[in-house]
Each structure stands twice: as structure tokens, then as C-alpha cells.
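Undergrad: Right, I'll just put the structure down here and ask away after.
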Amino acid sequence: MPVSRCNDRCSPGYRKTSNGGYLVCCYNCVPCSEGEVSNLTDKEICRRCSSEEWPDEKKVKCIPKTYDFLSYEKDFIAYVFSVIALFCAVITLFILRSFIYNWDTPIVKANNRTVSFILLVSILLSFLCVFFFLGRPVNITCLLRQTTFGIFFSIGVSSLLAKTITVCIAFKATKPGSIWVKWVSLKVSNYLVFVCSSVQVLICVIWLLVSPPYVEFDHHSYLGKIIIQCNEGSDIWFYSMLGYMGFLAALSFVLAFMVRTLPDSFNEAKYITFSMLVFCSVWIAMIPAYLSTKGKYMVVVEIFAILTSCAGILGCIFFPKLYILLVKPELNSRDTILEKNKM
């Protein structure tokens, strides 16, 4: 029996839809919607692909979605970050070795060498934390990436705060009859580093106990891709960790700026001011970029902020001292420092 038809059949990848007329033999063919396929002619409805699949270009069959994360195989920038992190870690180890070799010299003793040692170790560990952000996320890396960086970096910023307060106490104690004299002999800076970093450790422990980070598969942010990322679990504790770190940095910056005019021979406050200025600038610029990106690009933004802020602190605090140790060793003497102080 002949079939009445006033248009061609709908090919695979299309579905039938009414053209608004009275004749049922006349209809329109429209492409299947996003995420749907049709592998037969004149289909009235399209079949939706599963959450793990996506239509091919012709919308005839479902194909598996590709997994997307900051991969060593697909993303060259992962190798760039790895090289930069290792290079900065080697430089930090070299500075650490130079400070240990010159442990009893005046330039190393200035502003508490123990705190300087703690600061160098924390910067080194912060550089190495970058590797938790690279590669395919798994549960253990999601648990460690934010918490380890937050703790190590808070130890570093606490060390800078302790150095600044050490400068304040040392020069207040030079006045005759000052009540600050008894504080000079006490290990105030060591206690300060311990207390300030312990608060961050407490925040991270509560975070891991209440709502720990976990691996998340995002099927909807990008078409045809499954984003493998770390869900931070609790945004409140995540931003509490960042906020406390920012509070320590802001406090260090303010105190260092206030005492920056003290004699330069003993004073690291100028260098601390510059380092905290770099830190605050980087992380203030990072926050809107972090919130406006998704998937691996969020990770790229955070890694860049970590490397930049750590390198800024390392360069501002320790490169001037390293220059004296390696290039101008004649300046690394008590007599030279006292002469500069008199001038």
C-alpha cells in the first residue's frame, strides 16, 4: 500500500515534530537535543545518553565522555609547574645548607636563626605541596592538598610574624629601665610560632573530622567531559583556613611596616614588608580568578598563587642574606654591623 508523504524521512540524529498543519503526513525534522541520540529514521523521540556518555557529532550513537583533570600526559603546564616547584625547592635547600654552614655568623644570628630555619623548612614543604595538586585526584591527595599547604604556609607566616615581634622587643629593650628586657631572653618567637600554627592545625583537624574533602565527578560543567576534581567538603572550613592564613599575613605586614625604619643592620622588617605585600597582592588577585574558573583551571590558579607567594617570601627574606654570605662575606662580621649601626 503506498504511504502518503509530503516530506522526506527524518534521518538518524533527528526526530519528527509537528509543523502545525492538519495533515499527519507532513512534519518537520529537528536535531536531537543536547545529550540525546537517534539511530533510526523517523523517530518521534530521541534517546538520552547516560551520565557517563555523550552523543557523537552526528548524534547517532552515545560515546564515552573523556575525563578531564590536570594531567601530566595532556597538560604541558603540569610539567612546567613540576619543574618550577623542584627548582625552587632546590634553591631553598641550597639556602638552608648555606645557613647551617654559617650558623654562628652574625648575619644568620640576626632576628633569631631558629625561626629562620623553621621558615626555610616551611617554604620548602610548601613548594613540595604543589605535587598534591598535579595528576588525577584521589581521596588521599584531596585530603592532603589544602590542609598540608595551609599548615605549612601558616607556619611560615607565623615565623615572619615572630621575626617582626622579635625586632620590636629587641629595640624596645635597649631603652634604660625598659620592662621589655626580661622578654629578650625568653623564647617568645618560638612560642609564638607554635601557638599561631597550632590554631591552623586545629582548624584543619576539625575540617577533616567534620566534612573532609573527597573526589568528585562533575558531569555537567563541560559538554562531553567528566571533570575529576576535589570537593572541599565544607566551604566554611576551607575559607576559615584561608582566612586565618590571610589574617596572619595582614598582621605581619602591618607590624613590619610599623618597625621598618629601625636600624637596617639588625632589622628584617623591610624585607618582611615586601614579602607580605607580594603575598597579599597574589592571593587577593587569586580569589576572584579562583571563584570564576572550574575544573583543572581552578587548580592552575591555586598552584600559581602558591608558587608565586612562596617564591616572593624566599626572595625577599633570604636572597639579601645569601648575597652577603656568598658574594660579600667581609660584611658578615660583628665589627662591620656595629660600624653601620653607629653611622
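No lab work stands behind these numbers, since they all come straight from the coordinates. Remember, predicted model here, so these are calculated numbers, not experimental data. In this analysis, Cβ positions are derived from the backbone assuming ideal geometry, glycine residues included, and neighbour counts consider all displayed protein chains.
Undergrad: Going through the cross-link list 65/294; 61/294; 163/187, which pairs have a Cα-Cα distance over 20 Å in this structure?
TA: With Cα atoms farther than 20 Å apart: 61/294.
Undergrad: While we're on this one: Which net charge results for the neighbourhood of residue 302, defined as the other residues with beta-carbon distances under 12 angstrom from its beta-carbon, given Lys and Arg at +1 and Asp and Glu at -1?
TA: +1
Undergrad: If contacts are Cα pairs under 8 angstrom and at least 6 residues apart, what is the relative contact order of the chain in percent?
TA: The value is 16 percent.
Undergrad: Once the Cα atoms of helix 139-172 and of the chain are each reduced to a long axis, what angle between those two axes, in degrees from 0 to 90 to the nearest 10, is obtained?
TA: The angle comes out near 30 degrees.
Undergrad: Fewest Cβ neighbours within 10 Å first, please rank 52, 36, 232, 330 accordingly.
TA: 330, 52, 36, 232
Undergrad: Any idea what the alpha-carbon Rg over 2.2 N^0.38 Å comes to for the chain?
TA: Here the answer is 1.48, to two decimals.
Undergrad: Hey, fewest Cβ within 10 Å first, where do 271, 191 land in order?
TA: So the ranking, lowest neighbour count to highest, is 191, 271.
Undergrad: Turning to a different aspect of this structure: Taking springs between alpha-carbon atoms closer than 10 angstrom, which of 317, 100, 226 fluctuates most in the Gaussian network model of the chain?
TA: Among 317, 100, 226, the largest mean-square fluctuation in the Gaussian network model of the chain belongs to 100.
Undergrad: Quick one: which of 218-225, 249-256, 195-202 comes out on top by average Cβ neighbours within 10 Å, and what's the full order, highest first? Don't skip to the answer; put the middle values down first.
TA: Numbers: 218-225: 13.1, 249-256: 20.6, 195-202: 16.2.
Final packing ranking: 249-256, 195-202, 218-225.
Undergrad: Using only the alpha-carbon atoms, how far is helix 76-101 inclined from the longest principal axis of the chain? Give it as 0 to 90 degrees, nearest 10.
TA: Around 10 degrees separate the two axes.
Undergrad: Using only DSSP helix segments of four residues or longer, with each worth -39500 (n - 2.57), what per-residue ellipticity at 222 nm results for the chain after dividing by its residue count and rounding to 500?
TA: -19500 deg cm²/dmol
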